[in-house]
Amino acid sequence: MPSIPRLTLNNGVELPAVGFGVFQTPPDETRAAVAAALSAGYRHIDTAAAYGNEKQVGEAIAESGIGRAEVFIETKIWISDFGYDQTLHGFEKSAAKLGVDQIDLLILHQALPSEFDRTREAYRALETLLADGRVRAIGVSNFMVDHLTALLDKATVVPAVNQIEVHPYFAQRDVQAFGAQHGILAQAWSPIGGITFYRDSGHASALEDAVIGGIAKAHGKTPAQAMLRWHVQQGRSAIPKSTKPARIAENLDVFDFDLTVDQLAAIDALDTGRRGGPEPDAVTLADFGMPIPEA
Ligand code: NDP
């Protein structure tokens with residue numbers, strides 16, 4: 001089983017450099033996927049209220065027999081639960097579904113740019129949950145520089161993490177640099193470019209990129225492993241998703257080789273500046289505000 005290096009958040013809490021994502025993993029496949037991940041050695045699972053599979057994530061962790069303190073659980077508050085009281089209740093829903101008293105990292109899934117006061121109130125609830133020991137760290141996701149700036153203006157706790165789309169075709173260096181200046185860890189979603197091939201994003205698949213393929217081959221590794229190694233060497237947290245046990249294990253087997261400076265630069269040069277996911281400024285309750293069920 002690979003030994004996974006750890007990253008230290010701005011409040012001293014540690015998390016494994018590579019974790020496991022479950023976006024689009026159907027609830028009835030989630031227990032098996034998380035069980036496979038835990039037996040492959042993952043100790044960080046990233047889910048979200050909006051994924052509809054927190055309950056199955058919690059069941060798989062409980063059934064694994066691995067101690068609660070050994071597994072880092074991250075989940076996200078959906079925009080329909082933004083607002084101070086609503087977000088406190090959102091935590092209760094997630095904790096109950098996950099079957100835990102404390103969540104390791106709780107983040108806001110998106111900013112609501114057109115209703116930023118509500119976003120701020122949601123973040124204030126995360127600060128309360130942190131002060132009360134209900135969560136060990138708090139953060140955000142899909143926050144751009146202007147959203148982070150507006151949040152930091154009133155926040156008392158600097159977010160530990162900003163989970164954003166980062167893969168070789170879309171690196172968001174401005175957001176990463178702003179985060180680095182303020183002690184906010186960049187956590188890469190779609191780290192192997194999933195969004196470039198599972199959705200029509202106008203990108204070719206990063207897995208089929210000739211540059212990435214050539215670098216992977218030079219190390220006897222796969223394109224997915226070369227991309228994950230790029231994240232690890234650049235100090236990001238990465239959370240690849242798969243439902244297939246062989247790929248789940250493959251994606252964690254990235255700690256026995258090093259990309260050269262030139263190889264890192266060659267991957268950096270693939271950035272197109274074009275995102276695959278939704279435009280963060282276009283996220284509104286009217287279009288995306290599906291309710292999150294009670295536990
Ligand atoms: P990934 O970059 O992890 O790619 C996942 C896709 O790649 C799936 O189609 C998977 O298929 C396939 N795959 C996985 N491993 C391999 C491999 N070794 N070789 C070939 N194909 C592979 O994309 P995601 O978008 O899923 O992002 C990862 C995680 O990030 C999510 O699960 C979620 O936790 C988080 N996320 C967060 C978002 C946010 O807004 N905060 C948005 C999107 C994702 P298969 O399962 O069939 O193996």
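A Förster distance of 35 Å, applied to the separation of the beta-carbon atoms of Tyr84 and Gln181, puts the FRET efficiency at 0.80.
The figure for Ile66 is an accessible area of roughly 40 square angstrom, using a 1.4 Å probe on the protein chains alone.
Accessible area per residue was computed with a 1.4 Å probe on protein heavy atoms; Thr156 scores about 120 Å².
Across Met144, Met1, the residue with the most accessible area heads the list, and the full order at a 1.4 Å probe is Met1, Met144.
Relative to 2.2 N^0.38 Å, what does the C-alpha radius of gyration of segment 96-250 come to as a ratio? Two decimals please. Present the calculation step by step, with values, prior to reporting the outcome.
Details: Rg = 17.3 Å, N = 155, 2.2 N^0.38 = 15.0 Å.
Dividing the Cα Rg of segment 96-250 by 2.2 N^0.38 Å gives 1.16.
Going by accessible surface with a 1.4 Å probe and the largest first, Asp268, Asp81 read Asp268, Asp81.
Sequence gap at least 6, Cα distance under 8 Å: using those rules, report the relative contact order of segment 15-276 to the nearest whole percent.
On the way: 485 pairs, mean separation 48.8, N = 262.
With pairs under 8 Å counted, the relative contact order is 19 percent.
Helix content alone sets the calculated 222 nm mean residue ellipticity of the chain: runs of n ≥ 4 DSSP H residues at -39500 (n - 2.57) each, divided across all residues, give -11500 deg cm²/dmol. Using heavy atoms of the protein chains and a probe of 1.4 Å, the accessible area assigned to Trp189 is about 40 Å². Largest first, the residues Asp253, Asp46 sort by 1.4 Å accessible area into Asp253, Asp46.
I need the shape label for segment 15-276. Rule: rounded when a/c is under 1.5, else prolate if a/b > b/c, else oblate, with a, b, c from the alpha carbon gyration tensor.
Values: a/c = 1.90, a/b = 1.27, b/c = 1.49.
Oblate is the answer for segment 15-276, as a/c is 1.5 or above yet b/c matches or exceeds a/b.
Of interest is the spacing of the C-alpha centroids, which for segment 69-139 and segment 215-256 amounts to 29 Å.
The values are calculated or read from the model by the stated rules, or taken from the named source; none is laboratory data. This structure is a prediction, so every number in the text was calculated from the model and none was measured. Cβ atoms come from the backbone with ideal geometry, glycine included; neighbour counts cover every protein chain shown. Note: areas computed on protein heavy atoms with side chains; ligands, DNA, RNA excluded. Shrake-Rupley method; radii C 1.70, N 1.55, O 1.52, S 1.80 Å.
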